[in-house]
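The values are calculated or read from the model by the stated rules, or taken from the named source; none is laboratory data. Since the structure is predicted, the reported quantities are computational estimates derived from the model, not experimental observations. Cβ: placed from backbone, ideal geometry, glycine included. Neighbour counts: every protein chain shown. Remember, those area values only see protein heavy atoms, side chains included, never the ligands or the DNA or RNA. Shrake-Rupley method; radii C 1.70, N 1.55, O 1.52, S 1.80 Å.
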Amino acid sequence: MNSAQRIGIIGAVLFLFASCGSLGNNLNVFTLEDDISLGQQVVAEIESDSSGMVLLDSASNTKVYSYLYAIRDTLLNSGSVTYRTEFPWRIRVIHDDSTLNAFCAPGGYIYFFTGILKFLESEDQLAGVLGHEMGHADLRHSTRQLTKMYGVQTLLGLIAGDRALIKDITGAIIGLSFSRNHEKEADESSVRFLCSTRYSADAGARFFEKISARGGKNPPEILSTHPDPGNRIEAYRQMKLTLGCKGDETFKDRYQETMRFLP
Ligand SMILES: [Zn+2]
C-alpha cells in the first residue's frame with residue numbers, strides 16, 4: 001500500500017472514530033514501523049551538520065557509552081518494556097553542558113545532554129530519568145502528541161519522505177510537552193522498569209527533588225517540559241510502595257567516576 005492509499009484509509013478511519021464521538025487522546029493510527037521511521041528522520045536531522053548540535057562520538061567515548069548502555073540493558077531486562085525487541089533503544093549524548101534535559105524520539109532513540117549527566121549525582125537517578133524517557137517511547141506518547149499538534153496527514157507525509165517539516169518536528173520533539181496524564185504514565189513506567197532491579201525504584205523522584213531545589217531565575221528546560229515536580233515526587237514514592245519494589249542501591253561512586261570521562 002502506498003502512502004496516499006494509507007492516508008486515504010486512515011482518513012476514513014478517523015472519520016468513523018470522529019463520528020462515533022470517540023476520537024480521544026489515546027488514538028494512535030501509526031504502526032510501530034512508523035514510530036521507528038519517524039524516529040530515524042529525527043535522528044538524521046539532529047545528527048546532521050546543520051542542526052548545530054554536537055554529539056559525543058561513540059567510538060572515542062566508549063567508557064561513557066558502554067556505561068549508559070549497561071544501565072539501559074538493566075531496564076530492558078526488567079520484563080516490563082513492551083517493545084523491548086521491536087525498538088532500537090539507541091542512546092546518544094549531546095555535548096551541551098548548559099542544557100539540563102533528556103528526550104526520546106519516537107521508536108526509542110534516546111538523547112541525554114551532557115548538562116543533565118553532570119547534574120545528576122548517582123546511577124539510580126540516571127536510571128530513573130532514562131526509565132521515564134523510555135516510558136514515553138514505549139507507550140508511544142510522542143506519535144500521539146505529534147498527531148495532535150500536526151495532524152495525521154502531515155506526519156504520514158513526513159514518513160513518506162517529505163522533508164519540509166522535519167526541522168520543525170525535530171524541534172518540537174526536543175521541547176515536547178506531554179499531557180499530565182502522559183507524564184504520570186512515564187513516571188509509572190520509570191518505577192516499573194526499575195522495580196525488579198537493585199536500583200531504588202523511585203530514584204526518578206530524587207531527580208525532580210534536586211532540580212526543584214535548584215530554583216533560580218532561569219528554570220531548566222526539563223521543568224518547562226515536565227511540570228509539577230512536587231506532586232510527582234509523592235506519586236513516585238506511592239508507586240514504589242504499591243509495587244513493593246525492594247531495591248535501594250544508588251551506585252553513586254561508579255556514576256561519578258564514569259562521568260569524569262565526559263568532555
Ligand atoms: Zn516526560
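Quick notes on this structure:
- For Tyr150, Tyr65, the ranking by accessible surface with the largest value first comes to Tyr150, Tyr65, using a 1.4 Å probe.
- Here the Karplus curve 6.51 cos²θ - 1.76 cosθ + 1.60, taken at θ = phi - 60°, turns the phi angles of region 86-94 into couplings of 6, 9, x, 6, 7, 10, 9, 10, 9 Hz, with x standing for Gly and Pro.
- Other-chain or far-sequence residues with amide H under 5 Å of Leu55's (modelled H): His95
- With the whole protein complex present, His95 retains an accessible surface near 80 Å², based on a 1.4 Å probe.
- Summed residue charge, Cβ within 10 Å of Ser179's Cβ, Lys/Arg positive, Asp/Glu negative: +2
- Proximal aspartates and glutamates to Lys210, defined as alpha-carbon separation beneath 15 angstrom and excluding residues fewer than eight positions away on the same chain: Glu121, Glu123, Asp124, Asp202, Glu221, Asp228, Glu234
- Amide proton proximity set for Gly247, modelled H, under 5 Å, gap of 5+: Ala201
- Whole-Hz Karplus values for region 135-144 come out as x, 4, 6, 5, 8, 6, 5, 5, 5, 5 Hz, taken residue by residue from phi with 6.51 cos²θ - 1.76 cosθ + 1.60 and θ = phi - 60°; glycine and proline positions read x.
- Relative contact order (%) - criterion: Cα under 8 Å, at least six apart; region: region 130-193: 68 percent
- Ranked by the mean number of other Cβ atoms within 10 Å of their residues, highest first, the peptides 31-38, 252-259 come out as 31-38, 252-259.
- Karplus-derived 3J(HN,Hα) values for region 57-64, using 6.51 cos²θ - 1.76 cosθ + 1.60 with θ = phi - 60°, are 5, 6, 6, 9, 10, 5, 4, 5 Hz; glycine and proline are entered as x.
- Sorted largest first by accessible area at a 1.4 angstrom probe radius, with every protein chain in place, the residues Asp248, Asp202, Asp97 fall in the order Asp248, Asp97, Asp202.
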